[in-house]
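As C-alpha cells, the structure follows; a few thoughts come after it.
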Amino acid sequence: MLNAFINHILVEKGLSKNTVESYTRDLTRFLDFLERQNISPIEASPMHIINFLSGLREAGLSARSYIRNLVSIRMFYKYLLSKKLVSSIPTANIDMPGFSRRLPDVLSFNDVEKLLNAPNTSNGTSKPIGIRDKAMLELLYATGVRVSELVSIGTNDVNMQVGYITAFGKGSKQRMIPIGESAMIWIKKYIDDARERLAKNRTAQYLFVNYRGGKMTRQGFWGIIKKYAIIAGIDRDKVKPHILRHSFATHLLERGADLRAVQTMLGHSDISTTQIYTHIRTERLKEMHKKYHPRG
C-alpha cells in the first residue's frame, strides 16, 4: 500500500522529490509503529494515530514536524479511501495544532549590495568563477527563485531577447519570471566570457556549471553564498540558502509590489504563504517607528 501511494503522488500527482521523500519517511515511521502494535493500516483507528502522534511529541519533534506527519497520514488514508481499501479516514476528527510561524531572515538592501559585489570579476585565474558567481547571485536576487530551481535552470530556459527565465518549482510546476537589467547584463557576460571556459568543451544542459564543467549543486552553491557573506562582512549565521529569495520578496513588497504578483513569481500555490512577507514589512515599520519617532 505504501509503494502504491508513493507511486501515486510521484507519477500522478507530480509532487517534488523532496516532498515524496518526506511522505515516505513519515509513513514508514507510522507503519512501523502500527506493525509493533500488530495493527494493519486498514484496521487503524483514530486512537492509534493519536498515540503515534503523541509519541512524536514526547520524542521532542517540533510542531511543524508533527503537522507534517499528520498531513502525510491524512494523504495516505485519502488515497486508501479512493481505492476503497478503507471506508473512512481515521484522521478526519484530529485537529491540526496551531503554531507560530517564524519570520524568515532578510538582508537590508545595503547588505544585498555588499553580497552581490563580493565576487571577484576583474582579474586573475578566478575571474570565470567570479563572473559565474556574480551572475548566479544577481539572478537569485532578481527573480526570487529557490536555490534548487536556480541550479536546475537549463540553457534553453533563459530568454535574453524578452528578458525572462522559465523556472520549474515544486511538483514540476512551470512559471516564467522577469529577469531585470542587472541580472541580464551578468548572465550575458557569464555566457560570453566564462561559461565555455568552465564547461571545458563539455556539452552541459544546465546554465550554471561548476569548475569541472558539471552541474552546480545546491550544496555547492550554499558554500558559495557562505563564502561571499564572509567577504562582504555580513553575519554568517544570518545568511541561509533562501536569504536572497526572502529579501527579493520583502524588498518588492516594501516598494509597493502587488502581493499576487509576488506570489506568482515565488511560485507559491497558496497566497497565505506569501503573506508572511507582509508581516516582515509590518515588523520593519514598527522598528523604524520605535527607532526614529520621538515617542517611539
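The values are calculated or read from the model by the stated rules, or taken from the named source; none is laboratory data. Note that the coordinates shown come from a computational prediction; the quantities given were computed from them, not determined experimentally. Positions of Cβ are generated from backbone atoms using ideal geometry, with glycine treated the same way; all protein chains shown enter the neighbour counts.
If you go through region 223-245 and keep only what is closer than 15 Å to residue 132 by Cβ and either crowded, with 18+ Cβ neighbours inside 10 Å or not charged (D, E, K, R) (or both), you end up with 223, 224, 225, 228. Residue count for region 1-49 satisfying the condition of being part of a helix (DSSP H, G or I) and surrounded by fewer than 14 Cβ atoms within 10 Å (Cβ to Cβ): 14.
Take region 52-72 and flag every residue that is under 21 Å from residue 93 (Cβ atoms) and either modelled with pLDDT of 90 or more or in contact with a helix residue (DSSP H, G or I) (Cβ under 8 Å, 6 or more places away or on another chain) (or both). 52, 53, 55, 56, 57, 66, 68, 69, 70, 72 - these are the residues of region 52-72 that are under 21 Å from residue 93 (Cβ atoms) and either modelled with pLDDT of 90 or more or in contact with a helix residue (DSSP H, G or I) (Cβ under 8 Å, 6 or more places away or on another chain) (or both). What about residue 40, is it farther than 23 Å from residue 95 by Cβ and in contact with a Lys or Arg (Cβ under 7 Å, 6 or more places away or on another chain)? No; evaluated as a whole, the condition is false for this residue. Residues that are in contact with a Phe, Trp or Tyr (Cβ under 6 Å, 6 or more places away or on another chain), part of a strand (DSSP E or B) and at pLDDT below 90 occur in region 164-182; there is at least one.
Can you find a residue that is surrounded by fewer than 13 Cβ atoms within 10 Å (Cβ to Cβ) and touching a strand residue (DSSP E or B) at 6+ places or on another chain (Cβ under 8 Å) anywhere in region 180-201? No, every residue in region 180-201 fails to be surrounded by fewer than 13 Cβ atoms within 10 Å (Cβ to Cβ) and touching a strand residue (DSSP E or B) at 6+ places or on another chain (Cβ under 8 Å). Contact annotation: no residue pair with Cβ atoms under 7 Å, 6 or more positions apart or on different chains, pairs a residue in region 14-31 that is closer than 18 Å to residue 66 by Cβ with a partner that is surrounded by 13 or more Cβ atoms within 10 Å (Cβ to Cβ) and modelled with pLDDT of 95 or more. A count restricted to region 230-247 and to residues that are farther than 14 Å from residue 147 by Cβ and modelled with pLDDT of 80 or more stands at 6.
Of all residues in region 58-95, exactly one satisfies the criterion of being of a type in the set (Phe, Trp, Tyr) and more than 14 Å from residue 1 (Cβ to Cβ), namely 66.
Conditions (1) at pLDDT 90 or above; (2) outside the structural domain of residue 199 (by TED's automatic domain parsing); (3) surrounded by 19 or more Cβ atoms within 10 Å (Cβ to Cβ); (4) over 17 Å from residue 184 (Cβ atoms), marked per residue:
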position: 102; (1), (2), (3), (4): no, yes, no, yes
position: 114; (1), (2), (3), (4): yes, no, no, yes
position: 122; (1), (2), (3), (4): no, no, no, yes
position: 126; (1), (2), (3), (4): no, no, no, yes
position: 131; (1), (2), (3), (4): yes, no, yes, no
position: 137; (1), (2), (3), (4): yes, no, yes, no
position: 143; (1), (2), (3), (4): yes, no, yes, no
position: 147; (1), (2), (3), (4): yes, no, yes, yes
position: 157; (1), (2), (3), (4): yes, no, no, no
